[in-house]
Each structure stands twice: as C-alpha cells, then as structure tokens.
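Working notes for the structure below.
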Amino acid sequence: MALLRDDPAKEVTDHGGSLLRAEALFPGAPKPWLDLSTGINPHPYPLSDISASAFQRLPEQAQLQALMDAAVEAYGAPDAMNVAAAPGTQILLPLVAGLAAGGKAAVLSPTYAEHRRAAAIAGHDVAEVSDFRALYDADLAVVVNPNNPDGHVTARTDLLHLAAHMRAKGGLLVVDEAFMDVGPRTEALDGDVEADGIVVLRSFGKFFGLAGIRLGFALAAQPTADILRARLGPWAVSGPALEIGRSALADLPWQAEMRERLTRQALDLDTLLAENGLTAAGGTPLFRFLRTVDAASLFRSLGKDGILVRNFRADPHALRIGLPGGDGEFHRLAQSLRRWRKAAGQPQ
C-alpha cells in the first residue's frame, strides 16, 4: 500500500489488475496472462443487447430511478432516495470524505489505500490505525468491511456503536462494502443508513465481474444522498451502465446462484493451496489472502508463468490471489504452484 507524497492528489496507488506492470516485471511470461490480482468475479453477469438509444441519448431520470430501485432491492437500503449512483465508487471516495468537516480522519488499516488518499484530498489529516477503538477519536472514520485484502469482517454491532458516537459529535462513519455481496449479509449496514452519520459504499463491478462498466453506489440518509447526487450532477451514470446495472441488480436468482458457485470455488482454491503447502490466512469467496515468508518467490514464480497475483510493497510476506475462472485456469495455476514447490525444494 502506497505512502502519501507531499501532494496526495498526484499519488499513484499500487493496485492489482495492471497487465502493463506485469509485462514490465515479467517480459518473457507466456501469454495470455492469467490475472488473479484483482478480486473481481471471473464469471461476469451475462450481458444482453444494449439499446442503441443508451449510446445515442442522454439518460432519462426514469432510467436512473429504475437503477436506484434495483439497488434498494439488491442491497437492502431503506428507500431509493437513500441511494446515490456514480460512475464507480472510486469517484465517490473524495466526495464522501468531503462530507465530514475538515479535521482528523482515521482509516482502519491495512486496507485499500485509496481511502487515505481521498481523505487527504478532502482536506483531512489522515492516520492509518490498526485498533478499531482509535476510530472514535476521528471526525471521519473509514472501515472496509469485509476488509481488502485480508477479508476481516467487522461486526455490525461494533459499527453501529461507532456510528452513534460519530453522529453525536457531528462526525461521519464510512463503511466500504465493496465485497459485501459475498460477505456475511447480517453484518451489512445498508439498512441502517437512514439513522444518519453513516455512508455505505457498494461496488457493482467486483461481484458482477463488470469492473469496466464503472458503476457504484453510496447509501446514506436522504439529506446526505441528496448532497451527493447534487455534487455528482446530472447524467453521472452512462446509459449503458444504467441498463446493465438495473438488469443485473434485479436478477436476484443469478446473484444467489453465483454466491454459491463462488463459495464452492473458493474452497477448491483452498484445497489447491493446501496441496502446495500454503494456507489461506483470510479472504472472501472472491479472493484468498496468504501470509508466508515465501511470498516474494511465489509471486516471481507465478509471474514467470504468466500468472499475476497481488503483492504488497508495504507487506512483503503477503499475497492476495483471486479465483481462477474455470477448470482450465485452475489447472494452469495448479501446474505453476507445483513447479514453484519443486523449485523451492519442498516435499511433493
């Protein structure tokens, strides 16, 4: 996770999903790349035909309303007026951070580094804290739940207690639920946002496997959601994203089936890792988090085989491995892991 430079707006965050970075690190790797560095669902929601008007005309308010209604059904928000839709949650981060009065921000870490950068852009003095209790001293508290990259889940009761504390002093709790689609839904705060003092962020692209669509949501009390919608302005979400997002979010049977499928495949990945002397230290059904002294050698060995996983400059013993997309990709990963284990001199 990158450290902030003097100008946080110019900071380029280290992240997964960069095949240009992979090419530079491993120029002789076989193609095509198997990218397991992102935690994005390798089984995307099936796209239907998109109407020509979605590309030719500015989106209508009725289309946005239909998307917000579908988000309420999928996430469990109180009402569509509690929803602000945006072209990806990334663009929401500084907007949401700016809702809290400039002062002290605390991000429960280690986690997704863009939260720290966004809070700094919004004018906060930002600290990364490892103790949940330290969030109580901040004006803006940020928790990623389930956490990225280790999958740790913070209990809803703890978050609600923190939210009440923040609300009483005019602060704000931001809960990034980018991976809650595959997390324990009993710990989600989506239905609690009307109490104010809470903003929940939901990512569309990860679970639905359509990150390039650029669609995300902020769920909040209606006055706060009104502010965010005003700051985003009209036509913030493209016509194609409105059509695809509404269809996918309304398809609850697909979502239920996909959660079961991802859970099974995550268990298969655990078995494959265990067969090669590796044990997941955490994760979600979309990725596994490893902590091993062999992380650097494993990253290099997989990379030379054209398999990109997520490493961390600030934590050299950690790796995050996303789900392979099917039997062929599982087989390719299995072969590469066996080669690494043999080269490392470990028992077969």
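The values are calculated or read from the model by the stated rules, or taken from the named source; none is laboratory data. This structure is a prediction, so every number in the text was calculated from the model and none was measured. A quick note on method: Cβ atoms are made from the backbone with ideal geometry, for glycine too, and the neighbour counts reach across all protein chains shown. Calculation scope for accessible area: heavy atoms of the full protein, side chains included, ligands and nucleic acids excluded. Shrake-Rupley method; radii C 1.70, N 1.55, O 1.52, S 1.80 Å.
Where q = 0.11, 0.21, 0.22, 0.23 Å⁻¹, what log10 of I(q)/I(0) comes from the Debye formula for segment 105-188, counting one point per Cα? Treating every Cα as an identical point scatterer, log10 I(q)/I(0) equals -0.26, -0.96, -1.05, -1.13. The spread of Cα positions in segment 1-160, taken along each principal axis and listed from longest to shortest, comes to 52, 50, 32 Å. Axis of helix 61-75 versus longest Cα principal axis of the chain: the two differ by about 60°, to the nearest ten degrees.
By accessible area, using a 1.4 Å probe on protein heavy atoms only, segment 114-242 has 50% of its surface on carbon and sulfur. All Cα-Cα distances of the chain, cut into 20 Å bins from zero to the largest, leave 30, 57, 13, 0 percent in each bin in turn. Computed over segment 104-256, relative contact order equals 15 percent, with contacts defined as Cα pairs under 8 Å that lie 6+ residues apart. If the chain linking PHE330 and ALA134 were pulled fully straight, counting 0.36 nm for each residue of separation and taking away their Cα-Cα distance, it would gain 66.4 nm.
Solvent-accessible surface of the chain, averaged per residue with a 1.4 angstrom probe and all protein chains in place: 44 square angstrom. As a quick test, which of the pairs LYS31/LYS304; LYS104/LYS169; LYS104/LYS206 have an alpha carbon distance above 18 angstrom in this structure? Over 18 Å Cα-Cα: LYS104/LYS206.
Zone of ARG259 (label point 7 Å along Cα→Cβ, backbone N under 14 Å): which residues in segment 152-167? Those under the cut-off are none; the list is empty. Rounded to whole numbers, the Karplus 3J(HN,Hα) couplings from phi for segment 231-236 are 6, 6, x, x, 6, 5 Hz, using 6.51 cos²θ - 1.76 cosθ + 1.60 with θ = phi - 60°, and x at Gly and Pro.
Relative to the globular-protein estimate of 2.2 N^0.38 Å, the Cα radius of gyration of segment 268-348 stands at 0.99. Eigen-decomposition of the gyration tensor built on the alpha-carbon atoms of segment 197-348 gives equivalent ellipsoid semi-axes of 38, 18, 14 angstrom, largest listed first. Seen from ALA86, the other residues with C-beta closer than 12 Å to its C-beta sum to a net charge of +4, counting Lys and Arg as +1 and Asp and Glu as -1. Please compute, over every Cα-Cα pair in segment 213-286, the percentage with a separation greater than 16 angstrom. Everything past 16 Å amounts to 68 percent.
Length gained on full extension, ARG339 to LYS304, computed as 0.36 nm times the residue gap minus the Cα-Cα distance: 11.5 nm.
Note: relative contact order over segment 289-332, using C-alpha pairs below 8 Å and six or more positions apart, is 41 percent. Normalised by the number of residues in the chain, the mean separation of alpha-carbon contacts (under 8 Å, six or more apart) gives a relative contact order of 24 percent. Measure nothing but the geometry: give the 0 to 90° angle between the long axis through the Cα atoms of 327-343 and the longest principal axis through the Cα atoms of the chain, rounded to 10°. Long axis of 327-343 versus the principal axis of the chain: about 50 degrees.
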